[in-house]
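Since the structure comes first, as structure tokens, the remarks are kept for the end.
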Amino acid sequence: MSDTIRIGLLRLSDAAPVLVAQERGMFETQGLKVEISVEPSWANIADKLSYGMLEAAVMLPPLALACMLGLRGRKTDLVLPLSLSANGNAVTLTKKWQEPFAAGGIIAVANRQKLRLGVVHAFSTHDLLLRYWLDVNGLDPDRDVEIAVLSPAEMVGGLAAGAIDGFCAGAPWGHVALRAGLGFTAIKTQEIWEDHPEKCLALRADFAAGDPARVRNLLIALSDACRYCATPSRRPALAELLSGPENLALPADLIEPSLNPAEGGPIFDQNFPVPAHGTWFAMQMLRWGKAPEAVLGAASALYNPGLFIASGGAKPFPREEIFCDTKR
């Protein structure tokens, strides 16, 4: 087994804990050698995990479930021992729909035109939360709108070109669209599900089982990095780090607001991997025909709070059981 842990991530604000742990020597403090692989798409992340080209990744929980079941690419056993972020996404619509939306909400806009809305992956928190919101507002996500898949960095360009009418994506891309005058925020995903889980750390199950000492140290380093990222006074430095050409390649003053939870940015210090969250994602995937019933068992196998607790992480109370209504 290699002495290097390869971690994949996308150019998103909520990949910050991994970047911080590398930049500030937190991995090194734990005796770890880590190589970060910045990928262009979630498909790349999933493929590299499945073929053993990554040991770990900043991941979308629904995509991890899809990988577990072989619903996209090669079936891959994964473990989710750490939640890296909560909240952080928004539904952004093109500017021309701002007035009708203000008057009658998303259904008023959808009654004028069949909307084409972008999500970052077919198996994503963004897709499931967008579908939940549309349904609550009386729209059938499979009939009344078209949902298209684009990588996060393509969303703003797609909006500018008129290829999509809106998108649900993570920070900072909604802020980029707003700053460019291309769109407006229809809803932040924290208004759909308050403090919803967003990105997680996914590990190949064979790596997690075969090297428990390094896994423990990895979780310690990333938990420390999450606490750093959650400190308000650190946001300017964090934005500067993320602004680099190898990361988001955007101005730091544009990134910094996207890190503020009060403005819809990610929360970094809710790290316990709550199994009930996995159940919600699994039930929504089942509901929309994205997965067979086996997804419920996959969710139980995927979430592993024991690894988090073994690394010194505390179990949350009482909010761990407060999550979006699974009956919808």
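The values are calculated or read from the model by the stated rules, or taken from the named source; none is laboratory data. Keep in mind it's a predicted model, so treat the numbers as computed, not measured. FYI the Cβ positions are ideal-geometry reconstructions off the backbone, even for glycines, and counts take in every protein chain you see.
Annotations for the structure displayed:
Quick grid of which residues meet (1) surrounded by fewer than 18 Cβ atoms within 10 Å (Cβ to Cβ); (2) under 20 Å from L32 (Cα atoms); (3) of a type in the set (S, T, Y):
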site	(1), (2), (3)
S223	no, yes, yes
L238	no, no, no
P245	yes, no, no
A249	yes, no, no
A252	yes, no, no
L259	no, no, no
F272	no, no, no
M285	no, no, no
L296	yes, no, no
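- Of the candidates V156, V149, the single residue that is surrounded by fewer than 18 Cβ atoms within 10 Å (Cβ to Cβ), β-branched (V, I, T), farther than 30 Å from M26 by Cβ and outside the structural domain of L254 (by TED's automatic domain parsing) is V149.
- One residue from I255, I267 being aliphatic (A, V, I, L, M), closer than 29 Å to T185 by Cβ, in contact (Cβ under 8 Å) with a residue 12 or more places away in the chain and touching a strand residue (DSSP E or B) at 6+ places or on another chain (Cβ under 6 Å): I267
- Considering segment 148-208, the qualifying strands (runs of 3 or more DSSP E), each wholly inside and each with 3 or more residues that are under 15 Å from the mean Cα position of the chain (by Cα) and at negative phi, run over 166-170, 200-204.
- Check on E256, farther than 25 Å from I45 by Cα and either touching a Leu at 6+ places or on another chain (Cβ under 6 Å) or among the acidic types (D, E) (or both): yes
- Restricting segment 1-22 to residues that are surrounded by fewer than 19 Cβ atoms within 10 Å (Cβ to Cβ) and modelled with pLDDT under 95, the residue that is farthest from P232 (Cα to Cα) is M1.
- Within segment 214-237, being in contact with a Phe, Trp or Tyr (Cβ under 8 Å, 6 or more places away or on another chain), among the aliphatic types (A, V, I, L, M) and assigned to a helix (DSSP H, G or I) holds for V215, L218, L219, A221.
- Test: residue in segment 272-281 that is touching a Gly at 6+ places or on another chain (Cβ under 7 Å), closer than 20 Å to D195 by Cα and not assigned by TED's automatic domain parsing to the domain that holds I147: yes
- Residue in segment 90-105 that is of a type in the set (S, T, Y) and part of a loop (DSSP other than H, G, I, E, B) present: no
- Any hit, segment 106-118, residues being assigned to a strand (DSSP E or B) and either out of contact with any helix residue (DSSP H, G or I) (no Cβ under 8 Å at 6 or more places or on another chain) or at pLDDT below 95 (or both): yes
- Across segment 299-325, the qualifying residues are those that are among the aliphatic types (A, V, I, L, M) and at pLDDT 65 or above, and the one among them that is nearest to W193 (Cα to Cα) is A299.
- Scan of segment 86-120 for residues that are surrounded by fewer than 24 Cβ atoms within 10 Å (Cβ to Cβ) and either at positive phi or among the small types (G, A, S) (or both), ordered by number: A86, A102, A103, G104, G105, A108, A110
- A186 being out of contact with any Asp or Glu (no Cβ under 6 Å at 6 or more places or on another chain) and either surrounded by fewer than 17 Cβ atoms within 10 Å (Cβ to Cβ) or of a type outside the set (V, I, T) (or both): yes
- From K75, K48, residue being part of a loop (DSSP other than H, G, I, E, B) and among the basic types (K, R): K75
- Restricting segment 54-78 to residues that are closer than 15 Å to G8 by Cα and either out of contact with any strand residue (DSSP E or B) (no Cβ under 7 Å at 6 or more places or on another chain) or β-branched (V, I, T) (or both), the residue that is surrounded by the fewest Cβ atoms within 10 Å (Cβ to Cβ) is V58.
- Applying the condition of being of a type in the set (V, I, T) and not in a loop (DSSP other than H, G, I, E, B) to segment 258-279 and asking which residue is farthest from the chain's Cα centre (by Cα) yields T279.
- Residues (over 15 Å from the mean Cα position of the chain (by Cα), surrounded by fewer than 22 Cβ atoms within 10 Å (Cβ to Cβ), of a type in the set (A, V, I, L, M, F, W, C) and not in a strand (DSSP E or B)) located in segment 27-45: L32
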